[in-house]
Amino acid sequence: MSYQVTLQPSGHQFNVEPGQTILEAALMAGFALPYGCRNGACGACKGKILAGRVDYGAAQEGTLTAEDRKQGLALFCCAMPESDLTLEVREVSAVKDIPVKTLPCRVERLEKLCHDVMGIWLKLPSSERLQFLPGQYIDFLLKDGRRRSLSLANAPEEDQLLELHMRYVPGGFFSEHVFHNMKVKDIMRINGPLGSFFLRESDKPAIFVAGGTGFAPIKSILTHAFHQGVKRQMVLYWGARALRDLYMPELPARWQQEHDNFTFIPVIQSPLPEETWHGRTGHVHEAVLADFSDLSGYQVYACGAPAMVAAARRDFVARGLPEAEFFSDSFDFQSGPAT
Ligand SMILES: Cc1cc2nc3c(=O)[nH]c(=O)nc-3n(C[C@H](O)[C@H](O)[C@H](O)COP(=O)(O)OP(=O)(O)OC[C@H]3O[C@@H](n4cnc5c(N)ncnc54)[C@H](O)[C@@H]3O)c2cc1C
Ligand code: FES
């Protein structure tokens, strides 16, 4: 039998199915409760039961003491409802609510997504999970104090592995390592989550503009939005230099089939002579300009090369987009060791 949970003070409600923890069900319903390890060890998910009963599950004694239980506290990553519940919990609504951690991780899978994009899947130690807002990124901590940022492509509710999409930069310090030396089971160090590129609550239609691997954080944002049942209109313009650079286009094409409120427009800058392409061509942000004569009622989320992001900001604001409604992650280069 499923039970209903009401969160206070927000009033948000969701159902917990048999066998699910409160945290699992909340994340699946798109509500971001705070958490860390997801296995009863860190205490980050501790909250108060205002009404109802729970099975405390695998909560560890040192993390949830007898005194905690007496005070009505539970670890929501372990607890399962035994009745309808009202819980007091501070939902995560902003970057400042999420702890930034430095963690070791293991390379679990490496897969070429196209000729110059590597998919990297990372596994954290079993006692750790990385809470993040869809759209955020992590930094790899490398030799000589170098850091390289990569955006998280998985949605937070699918966090068994962290998914990253990395484009090859010839001669690049980290690129050369990832494409030629990195192996499954390698141990790396990461720091995150970082950044403030996430979907803002609004009724305005959202225009997403991705250049190349700028699709990665947008994949996370859109997967999560579909999961939450977001109903606002959303359109994705995804630009690539040639057709062969557009990796996993079948995913947004499938989203378009599945969701009436989503449209996918791939834009190929200049198809190679051997490529057959009947779709849009040119620069990705210019395709948006060609389709919208007035952007005053929209939000824009742009991610990719710095030049594309800067041109999009300039030209969209000139087309009426309020500057405060332009959100971006610019893939700036971070060459050289830290000083
Ligand atoms: C917030 C943020 C998120 C990011 N997310 C991603 C992501 O999800 N996927 C991804 O592929 N990249 C992403 N990047 C870019 C990434 O962090 C690195 O900058 C990139 O992978 C190159 O690193 P490198 O060590 O291989 O090259 P470097 O050793 O840093 O650079 C070698 C040379 O190539 C030039 N160069 C570096 N990058 C580029 C480029 N993109 N195009 C042309 N010339 C370049 C440099 O100026 C330098 O001369 C992100 C950057 C930021 C700031
Ligand atoms: S105890 Fe760590 S998330 Fe629940």
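The values are calculated or read from the model by the stated rules, or taken from the named source; none is laboratory data. Because the structure is predicted, anything quoted here is derived from the model rather than measured. Counting neighbours? That spans all protein chains shown, and the Cβs are built from the backbone with ideal geometry, glycine included.
Quick grid of which residues meet (1) within 11 Å of ligand 1 (Cβ to nearest atom); (2) without any contact (Cβ under 8 Å) to a residue 24 or more places away in the chain:
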residue: Cys77; (1), (2): no, no
residue: Lys112; (1), (2): no, yes
residue: Leu142; (1), (2): yes, no
residue: Leu161; (1), (2): no, no
residue: Pro170; (1), (2): yes, yes
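Look at Pro205 and say whether it is more than 29 Å from Thr276 (Cβ to Cβ) and at pLDDT 95 or above. Quick ask: steps written out before the conclusion?
On the way: more than 29 Å from Thr276 (Cβ to Cβ): yes; at pLDDT 95 or above: yes.
Yes, satisfied.
Working only within segment 94-125, note down all residues that are surrounded by 16 or more Cβ atoms within 10 Å (Cβ to Cβ) and not in a strand (DSSP E or B).
Result: Val95, Ile98, Asp116, Leu124.
From the residues in segment 178-187 that are surrounded by fewer than 16 Cβ atoms within 10 Å (Cβ to Cβ) and not in a loop (DSSP other than H, G, I, E, B), which one is farthest from ligand 1 (Cβ to nearest atom)?
The qualifying residue farthest from ligand 1 (Cβ to nearest atom) is Ile187.
Among Ile190, Ile221, which is the only one that is more than 12 Å from ligand 1 (Cβ to nearest atom) and assigned to a helix (DSSP H, G or I)? So that I can check it myself, show each step before the final result.
Values: Ile190 fails: assigned to a helix (DSSP H, G or I).
Checking each option against the conditions leaves just Ile221.
So, in segment 133-169, of the ones that are charged (D, E, K, R) and either at pLDDT 95 or above or surrounded by 24 or more Cβ atoms within 10 Å (Cβ to Cβ) (or both), which residue ends up nearest to ligand 2 (Cβ to nearest atom)?
Going residue by residue through segment 133-169, those that are charged (D, E, K, R) are 139, 143-144, 146-148, 157-159, 163, 167.
Imposing the further condition that a residue be either at pLDDT 95 or above or surrounded by 24 or more Cβ atoms within 10 Å (Cβ to Cβ) (or both) reduces the set to 163, 167.
On the way: Glu163: 21, Arg167: 34 Å.
Among those that are charged (D, E, K, R) and either at pLDDT 95 or above or surrounded by 24 or more Cβ atoms within 10 Å (Cβ to Cβ) (or both), it is Glu163.
Quick check on my filter: what residues within segment 25-49 are under 25 Å from Glu201 (Cβ atoms), in contact (Cβ under 8 Å) with a residue 24 or more places away in the chain and more than 7 Å from ligand 2 (Cβ to nearest atom)?
Correct list: Ala26, Leu27, Met28, Ala29, Gly30, Phe31, Ala32, Leu33, Pro34, Gly47.
Only one of (1) more than 11 Å from ligand 2 (Cβ to nearest atom); (2) free of Cβ contacts under 8 Å to residues at least 40 places away in the same chain fails for Pro9. Which number is that?
(2)
Kindly provide the set of residues from segment 50-69 that are without any contact (Cβ under 8 Å) to a residue 24 or more places away in the chain, among the aliphatic types (A, V, I, L, M) and outside any helix (DSSP H, G or I), ordered by number. Don't jump to the end; show me each part of the working.
Quick first cut of segment 50-69, residues without any contact (Cβ under 8 Å) to a residue 24 or more places away in the chain only: 56, 58-63, 65-69.
Subsequent filtering for residues that are among the aliphatic types (A, V, I, L, M) retains 58-59, 66.
Within segment 50-69, Ala58, Ala59 meet the criteria.
Using the structure shown, decide if Arg314 is loosely packed, with under 15 Cβ neighbours inside 10 Å, of a type in the set (Lys, Arg) and out of contact with any Asp or Glu (no Cβ under 8 Å at 6 or more places or on another chain). Before the answer, list the steps.
Values: loosely packed, with under 15 Cβ neighbours inside 10 Å: yes; of a type in the set (Lys, Arg): yes; out of contact with any Asp or Glu (no Cβ under 8 Å at 6 or more places or on another chain): yes.
Criteria met by Arg314.
Please count how many residues of segment 270-285 are at pLDDT 95 or above and crowded, with 16+ Cβ neighbours inside 10 Å.
4
Looking at the structure I just gave you, is Leu85 outside the structural domain of Ala225 (by TED's automatic domain parsing) and within 15 Å of ligand 2 (Cβ to nearest atom)?
no
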